[in-house]
Structures are given as C-alpha cells and as structure tokens.
Amino acid sequence: MRITVVIPTYNEAENLPKLVSALFMLPLDLRILVVDDNSPDGTGAIADELARWDARLRVLHRAGKEGLRSAYLTGFRLALDDGAEAVAQMDADFSHDPAKLVEMAARLETCDLVIGSRYIQGGAVDENWPSWRKSLSAFGNFYSRAILRLPQHDVTAGFRLWKRETLEGMPLDRVRSNGYVFQVEMTYLAHCLDYKIDEVPVYFPDRRSGRSKMSFAIQAEAALRIWVVLWSYRDLRKAGRSARLAIGKQ
C-alpha cells in the first residue's frame, strides 16, 4: 500500500530532517509531502534540500500562513493525484510517533479511517503536562463528542490515516473549519457518511523543540465552531451510506 504523509510546517527547521529520516526508515511504501507556509526559520529551504536527495519527498511552498484546513485539503488532493492509496496526516514536531504508522497501516486494511487516539486504553498525553492542560485537552474532546454525538474517543487528534476511497468519497469542498476543529469536522463528516472509523492508542508527548501553535483564540473559535459543524451537515446525518453513494456518483 502506497502511503503519502502530508506534513504542514511552520517553523519546524529543527524537527523536519529528523522526522523525514524516521519516516523513511519505516517498513512502508512511503512518500512525504511537506506543505510549508513560508516559515521564517527556513523550514521550506531545508525541505527543498531534503527533496534534492530523495525523490520520495515533495515540497509545496505557500506564500504565508493559510491555515491547517487549506494545507491538508490541498495536500490530500495532491497526494491522490500522485497515486497515493492511503494518505496520512501528522504534525512535524514529534508529538506523533512515526513508528505508529506501521500499526495504523495494518489496521486500515479493515476500516476506512484510522485515528491515533490519546483517549482509548493504552493511549495517553504527556505525563509532565500541567493538570490544567490535560483537563483542557480532555474537555475539548468531551465537548465535541457530546455535541456531535460521535462514538470516537479522540476526535481532535491530528494523527490519522485515510484510505484513498474515503477521501474521494467525501465532499471536501464543504469543509470550512480551521485549527484543530478541522480534525473534528473531518471526523464528523466521515461519521455522517457511515465510514468505518477505528482508533489505535498513541502516546502524545510535548513537542521536542519549537513552540506550540495553540492559542486562546483558536480554543475560543473551536467552541463556537462545533455548533456550525453540527448545523452544516444536518442533511447528511440521517442519510448515512445512501448519501455517500450519492456523492460517489457525482
């Protein structure tokens, strides 16, 4: 199974070379697509240099910070156009363990989407996080799951592996959320279309270097945006698989 890993970057110069090396050491048929938003620290130039030495790495340069949604949706389309049979999404800061992709790829044989989950048995967040941060992360998941009535345990997770057919069967042009609500909206859309979603346990450590992109503004936007997501897909909630089949015929 040929997998393309889409990695959005902004100021990840310290992490990217190590991550690329770790990914290409895995016993998988991998390609990497780096989507860089004109990082001031030179991440884009480093990615170009890495691509010069390995044709399995491709770099997409963007003029500036255009958001997580457009980074991933553009990356998904490029990966599919390039023949990917599955598409992974992950952060560049080693909060997602590259080695877990092997287990996720095996699990994808029997489902449509695999989520690396912090909130199922065997999963965890950094033990050194302060209690307020752990509570905030857990509440964000609880809040989203409760409003959208999602059975998955980690709907804000950014470590995922999608089957090609799943992404092709989703109306991605309807996705509007940015920040980590993008992950929630994508989960909800797949759930509404009755795709089979599985979770594997992952440990989520604090980033190795650099600074987190999370801010209060992102969290506030997320709380309000969940209700917009609920309303936006009211036509798909009851249609389920029939809606998926209809989309596939378009």
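Could you check, for region 85-96, whether at least one of its residues is surrounded by 15 or more Cβ atoms within 10 Å (Cβ to Cβ) and more than 24 Å from Ala157 (Cβ to Cβ)?
So in region 85-96, the residues surrounded by 15 or more Cβ atoms within 10 Å (Cβ to Cβ) come out as 85-96.
Pick out the ones that are also more than 24 Å from Ala157 (Cβ to Cβ) and you get none.
No, the conditions are met nowhere in region 85-96.
Quick one: which residue in Leu167, Leu161, Leu150 is assigned to a helix (DSSP H, G or I) and at pLDDT 95 or above? Step through it out loud before you land on a result.
Details: Leu161 fails: assigned to a helix (DSSP H, G or I); Leu150 fails: assigned to a helix (DSSP H, G or I).
Answer to the selection: Leu167.
Look through Val184, Val202 and report the one residue that is buried (at least 18 other Cβ atoms within 10 Å of the Cβ) and in contact with a Lys or Arg (Cβ under 7 Å, 6 or more places away or on another chain).
On the way: Val184 fails: in contact with a Lys or Arg (Cβ under 7 Å, 6 or more places away or on another chain).
Among Val184, Val202, only Val202 is buried (at least 18 other Cβ atoms within 10 Å of the Cβ) and in contact with a Lys or Arg (Cβ under 7 Å, 6 or more places away or on another chain).
Filter region 194-220 down to the residues that are in a loop (DSSP other than H, G, I, E, B) and either on the phi > 0 side of the Ramachandran plot or modelled with pLDDT under 95 (or both) and list them by number.
Step one: of region 194-220, the residues in a loop (DSSP other than H, G, I, E, B) are 194-196, 202, 205-215.
Those that are in a loop (DSSP other than H, G, I, E, B) and either on the phi > 0 side of the Ramachandran plot or modelled with pLDDT under 95 (or both): Asp194, Pro205, Asp206, Arg207, Arg208, Ser209, Gly210, Arg211, Ser212, Lys213, Met214, Ser215.
Return the pair list, or none, for Cβ contacts closer than 7 Å from residues in region 85-101 that are at negative phi to residues that are among the acidic types (Asp, Glu), at least 6 apart or on different chains.
Close Cβ pairs (under 7 Å, with a partner that is among the acidic types (Asp, Glu)) amount to Ala92/Glu12; Asp93/Glu12.
When you go through Leu68, Leu60, Leu80, Leu33 one by one, which is the residue that is farther than 18 Å from Ala99 by Cβ, hydrophobic (A, V, I, L, M, F, W, C) and touching a Phe, Trp or Tyr at 6+ places or on another chain (Cβ under 6 Å)? Before the answer, list the steps.
Numbers: Leu60 fails: touching a Phe, Trp or Tyr at 6+ places or on another chain (Cβ under 6 Å); Leu80 fails: touching a Phe, Trp or Tyr at 6+ places or on another chain (Cβ under 6 Å); Leu33 fails: touching a Phe, Trp or Tyr at 6+ places or on another chain (Cβ under 6 Å).
Going through Leu68, Leu60, Leu80, Leu33 in turn, just one is farther than 18 Å from Ala99 by Cβ, hydrophobic (A, V, I, L, M, F, W, C) and touching a Phe, Trp or Tyr at 6+ places or on another chain (Cβ under 6 Å): Leu68.
Please determine whether any residue of region 53-66 is acidic (Asp, Glu) and at pLDDT below 95.
Residues of region 53-66 acidic (Asp, Glu): 54, 66.
Cutting the leftovers down to at pLDDT below 95 gives us 66.
Within region 53-66, one or more residues are acidic (Asp, Glu) and at pLDDT below 95.
Just wondering, is there one or more residues in region 139-154 that are among the aliphatic types (A, V, I, L, M) and within 13 Å of the chain's Cα centre (by Cα)? Quick ask: steps written out before the conclusion?
At the first step, the residues of region 139-154 found to be among the aliphatic types (A, V, I, L, M) are 146-148, 150.
From the residues that got through so far, the ones that are within 13 Å of the chain's Cα centre (by Cα) too are none.
Scanning region 139-154, I find no residue that is among the aliphatic types (A, V, I, L, M) and within 13 Å of the chain's Cα centre (by Cα), so the answer is no.
In region 19-29, which residues are buried (at least 23 other Cβ atoms within 10 Å of the Cβ) and in contact (Cβ under 8 Å) with a residue 40 or more places away in the chain? Outline the logic, then answer.
Residues of region 19-29 that are buried (at least 23 other Cβ atoms within 10 Å of the Cβ), as a first pass: 19-20.
Residue satisfying the conditions is Leu19 alone.
Only residues that are more than 26 Å from Glu109 (Cα to Cα), free of Cβ contacts under 8 Å to residues at least 24 places away in the same chain and surrounded by 15 or more Cβ atoms within 10 Å (Cβ to Cβ): list them for region 141-180, please.
Within region 141-180, just Asn141 meets the criteria.
Determine which member of the set Asp54, Asp82 is of a type in the set (Asp, Glu), touching a Ser or Thr at 6+ places or on another chain (Cβ under 7 Å) and either within 23 Å of Met170 (Cα to Cα) or loosely packed, with under 14 Cβ neighbours inside 10 Å (or both). Steps first, please.
Details: Asp54 fails: touching a Ser or Thr at 6+ places or on another chain (Cβ under 7 Å).
Unique residue meeting the criteria: Asp82.
The values are calculated or read from the model by the stated rules, or taken from the named source; none is laboratory data. None of these values were measured; they are calculated from a predicted model. Here the Cβ is made from the backbone with ideal geometry for all residues, glycine too, and neighbour counts use every protein chain on show.
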